[in-house]
Amino acid sequence: MNLEKTLVILKPSAVQRGLVGEITSRFERKGLQLAGMKMMQLNDELLNEHYAHLADKPFFSRVKKSMMASPVIVCCYEGVDAVQVVRSMTGATNGRKAEPGTIRGDYSVSGQENIVHTSDSPEHAIVELNRFFKPEEIFDYTPNALPYLYANDEY
């Protein structure tokens, strides 16, 4: 099986608002397979690495503070084109601009407190999953529903 894996972080804004179950169920109903999930408290060192591309931005410290406000839920989902599927479901970064029906469009009115982080490419997904998960925390198994999710030549 050659399914793509991607990272989803349910941010403090999702955890604090009690949206974890609702958001994870949306990914499951879509047909994405949960391959790993854990709650963790992010720290400065991890966030400096994860958001290194924002280090020069004036809002960098605000983003880090927001991400450390409470524990987060980190998830690994997999499926055919999982990165693109998750990003489509998530919507625009700014919740005020995200289309209704997307996760951010339905649950966010903020550019920062925007419920989820998702990997933006298959290459970044690999790096990010390695950053947040140990190899033994991601599980490979064949879901019983696989033949009902994809045609046999799609995976």
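Within the range 32-54, which residues have the backbone N less than 20 Å from the label spot 7 Å out from Asp120 along Cα→beta-carbon, could you tell me?
Flagged as within label range: 46-54.
Pop the C-beta distance of Gln41 and Asn94 into the FRET formula with R0 = 25 Å and round what comes out to the nearest 0.05.
Working: r = 26 Å, r/R0 = 1.04.
FRET efficiency, Gln41 to Asn94: 0.45.
Can you compute the helix-only [θ] at 222 nm over the chain? Use -39500 (n - 2.57) per DSSP H run of at least 4 residues, normalise by all residues, nearest 500 deg cm²/dmol.
Values: 8 runs with 60 residues, N = 155.
Rounded to the nearest 500, the figure is -10000 deg cm²/dmol.
Say R0 is 25 Å: what FRET efficiency, to the nearest 0.05, do Gln112 and Lys30 get from their beta-carbon distance? Numbers along the way, then the final one.
Values: r = 26 Å, r/R0 = 1.02.
The pair Gln112/Lys30 has a calculated efficiency of 0.45.
Would you kindly state how much longer the chain becomes between Val20 and Ala145 on full extension, computed as 0.36 nm times their sequence separation minus their alpha carbon distance, in nm to one decimal?
Details: separation 125, 0.36 × 125 = 45.00 nm, distance 2.31 nm.
Here the segment from Val20 to Ala145 would lengthen by 42.7 nm.
Read the figures in this text as sums done on the coordinates, not as results from a lab. Everything numeric here is computed off the predicted structure, so don't read it as measured data. Cβ coordinates were reconstructed from backbone atoms using ideal geometry, including for glycine residues, and neighbour counts include every protein chain displayed.
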